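Here is the structure we will look at, set down as structure tokens.
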Amino acid sequence: MNITSLSGRIFNIGNSIFLLLLAFLCLFPLINILAVSLSSSTAASAGEVSLWPVDFTWQSYHFVMQKPEFLKSLGISVERVLLGTTLNMLLTIMLAYPLSKESSAFKGRLFYVWFFVLTMLVSGGLIPWYLVIQKLHLLGTIGALILPGAVNVFNAVLLLNFYRGLPRELEEAAFVDGAGYWKILWSIYVPLSMPAIATLILFSMVGHWNSWFDGLILMNSPDKYPLQSYMQTVVINRDLSLVSMADANSLGDISDRTLKSAQIFLAALPIICVYPFLQRFFIKGVVVGSVKE
């Protein structure tokens with residue numbers, strides 16, 4: 001009994017050390033990026049920064065955040081994430097539910113499934129995509145950033161498979177009680193699918209937040225750029241037509257490494273702040289279905 005208890009303690013200690021090392025390996029790049037962004041350009045360029053800032057300075061963040069264009073682009077990105085994620089999830093939920101039915105209950109289900117899956121494999125190309133948005137008079141509006149990708153087929157397939165794993169007896173009992181499909185979807189399927197929905201919400205938020213290419217080509221002026229497009233134009237490409245002479249001189253005093261590190265950390269910060277609120281859904285999702293009556 002003592003041997004078993006001792007071996008169990010040794011396993012727990014070893015397992016804890018392994019998980020701590022694994023967590024450190026995951027956090028090290030982010031900590032390093034933060035340290036570099038808070039270090040002087042000389043120390044960063046010389047490779048002297050590891051986990052702690054050298055010659056601590058806010059210069060990189062000051063340059064990025066002092067301009068009103070940054071705050072405006074930040075607001076546009078926040079608006080895009082809120083509206084885009086809400087629309088994505090609403091359409092994904094309503095698309096996945098009917099496609100999760102058997103072909104006997106939903107005539108033509110296979111046709112619609114293949115129709116949507118085909119859109120994942122075949123694309124009209126960049127020019128037709130742009131022309132469609134132009135003909136719909138969406139250029140330069142927030143709708144141009146949200147509507148073209150409103151239906152995410154990959155997320156719908158994931159949620160569809162989750163729905164198909166739910167007990168059919170729940171739906172049959174609801175029908176007996178007089179509930180319709182709409183009531184069953186929002187009162188039974190959606191609450192039971194919160195772990196999967198929380199995961200898809202995070203996918204959608206990250207996708208909208210990190211997207212920059214569509215902002216560059218669909219917004220007709222730099223003052224309508226979302227945050228990532230603004231960062232790409234001003235910081236990465238250093239388009240001096242968008243900055244003043246004083247800002248251009250400041251860019252000369254700041255290294256590319258510190259600026260890029262500041263950009264990466266600012267881009268990751270909102271997702272880092274949101275994740276703890278969704279963590280409990282991920283934990284619940286891991287154990288869903290692990291215990292059967």
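The values are calculated or read from the model by the stated rules, or taken from the named source; none is laboratory data. If you're wondering where the values come from, they're calculated on a predicted model, not measured in any experiment. Heads up, the Cβs are rebuilt from the backbone with ideal geometry, glycines too, and the neighbour counts pull from every protein chain shown. The area values use the complete protein model at the heavy-atom level, side chains included, leaving out ligands, DNA and RNA. Shrake-Rupley method; radii C 1.70, N 1.55, O 1.52, S 1.80 Å.
Scanning the stretch 138-184 for residues that are modelled with pLDDT of 90 or more, in a helix (DSSP H, G or I) and either touching a Pro at 6+ places or on another chain (Cβ under 7 Å) or within 20 Å of residue 212 (Cα to Cα) (or both) yields 143, 144, 145, 146, 147, 148. Looking across the stretch 1-39, the residues that are out of contact with any Leu (no Cβ under 9 Å at 6 or more places or on another chain), without any contact (Cβ under 8 Å) to a residue 40 or more places away in the chain and not hydrophobic (A, V, I, L, M, F, W, C) come down to 2, 4, 5, 7, 8, 9, 12, 14, 15, 16, 29. Scan the stretch 45-64 for residues that are without any contact (Cβ under 8 Å) to a residue 12 or more places away in the chain and under 25 Å from residue 228 (Cα atoms) and the total you get is 1. In the stretch 185-219, of all residues being under 15 Å from residue 76 (Cα atoms) and assigned to a loop (DSSP other than H, G, I, E, B), the one that is most open to solvent (accessible area, probe 1.4 Å) corresponds to 212.
Is it true that some residue in the stretch 96-104 is in contact with a Lys or Arg (Cβ under 9 Å, 6 or more places away or on another chain), within 15 Å of residue 156 (Cβ to Cβ), of a type outside the set (A, V, I, L, M, F, W, C) and in a helix (DSSP H, G or I)? Yes, the stretch 96-104 contains a residue that is in contact with a Lys or Arg (Cβ under 9 Å, 6 or more places away or on another chain), within 15 Å of residue 156 (Cβ to Cβ), of a type outside the set (A, V, I, L, M, F, W, C) and in a helix (DSSP H, G or I).
Look at residue 69 and say whether it is more than 26 Å from the chain's Cα centre (by Cα) and among the acidic types (Asp, Glu). Spelling it out, it is not the case that residue 69 is more than 26 Å from the chain's Cα centre (by Cα) and among the acidic types (Asp, Glu). Look at (1) under 24 Å from residue 34 (Cα atoms); (2) more than 26 Å from the chain's Cα centre (by Cα); (3) hydroxyl-bearing (Ser, Thr, Tyr) and you find that residue 61 fails only one, number (2).
When residues of the stretch 248-263 are filtered for being open to solvent by 10 Å² or more (accessible area, probe 1.4 Å), over 14 Å from residue 35 (Cβ atoms) and modelled with pLDDT of 75 or more, how many remain? Result for the stretch 248-263: 1. Scanning the stretch 97-137 for residues that are aliphatic (A, V, I, L, M), closer than 19 Å to residue 212 by Cβ and open to solvent by 40 Å² or more (accessible area, probe 1.4 Å) yields one hit, 126.
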